[in-house]
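A short reminder: the numbers here are calculations on the coordinates, not readings from a lab. It should be emphasised that the depicted structure is a prediction, and the values quoted were computed from it without experimental measurement. All Cβ positions, even for glycine, are placed from backbone atoms using ideal geometry, and neighbour counts span all protein chains on display.
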Amino acid sequence: MNVQPLAVDQQAALAAFREYKASRANWDKLDVEIARVYRAIAKGKTVISVNDAIVRGGIDATGRPRLAIMRADQAACRCDPWNNNRVRYMNEADSPASDRYFEVPWPNRAVVYHGPLRALLPRIPPQHRPAADKLSEYHILWEADWTAIPRDPYLLKRIGKDAWLVCAAWCLTEVELSVLRARTQ
């Protein structure tokens, strides 16, 4: 999966963060979010736009989105790709909660696939897995196969409306895939 970080270099982010911090008395909600993103980049963290990643990821030959996102404590996600101006990702309970429901603007996308989509979330290896009581604070972005176990996910933490800190990236091994396939059959 080729996801592009926000295009701000570390030194420029540090300078911008310092400018924002110097004007803290005049901040509004957007300034808080912008400063948080600049601070993360200034610390050398990778920050991405999930909306941009999903749109850049494109669609497969049948018109299904190549990427999916869902809160890390969910087992699967559903996708509604039928509207040519947006794609919706929902947890299986169809919760409208903002951390379990994602609407990605995608203007003028050709709608080819009209069936329901469901994808399993990738397993997070122990070396990347947050504590069980913190898992709901994280999300997973992955290349959705829609029929099989996904291979190359990113563990994300939201730091803005569409600004996400990349906490980990990994590829599932053949051993992990084999065990997961056996559990889902």
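The table for this structure:
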{"read-out": "Computed [θ] at 222 nm, deg cm²/dmol, the chain (DSSP H ≥ 4; -39,500 (n - 2.57); rounded to nearest 500)", "value": "-7500 deg cm²/dmol"}
{"read-out": "Alpha-carbon Debye profile of the range 49-156, log10 I(q)/I(0) at 0.10, 0.12, 0.15 Å⁻¹", "value": "-0.26, -0.37, -0.58"}
{"read-out": "Using alpha-carbon coordinates, inclination of helix 174-184 to the longest axis of the chain, degrees", "value": "60"}
{"read-out": "Which of LEU120, MET70, GLY57, positive extreme of dipole for the range 49-156 (C-beta unit charges)", "value": "GLY57"}
{"read-out": "Net charge dipole size for the range 49-156 [Lys, Arg +1 and Asp, Glu -1 on Cβ; Debye, nearest 20]", "value": "160"}
{"read-out": "Estimated FRET transfer efficiency (LEU30, ALA182; beta-carbon r; R0 41 Å; 0.05)", "value": "0.30"}
{"read-out": "Contour excess over end-to-end distance, with Cα ends at GLU174 and ARG56 and 0.36 nm allotted per residue", "value": "39.7 nm"}
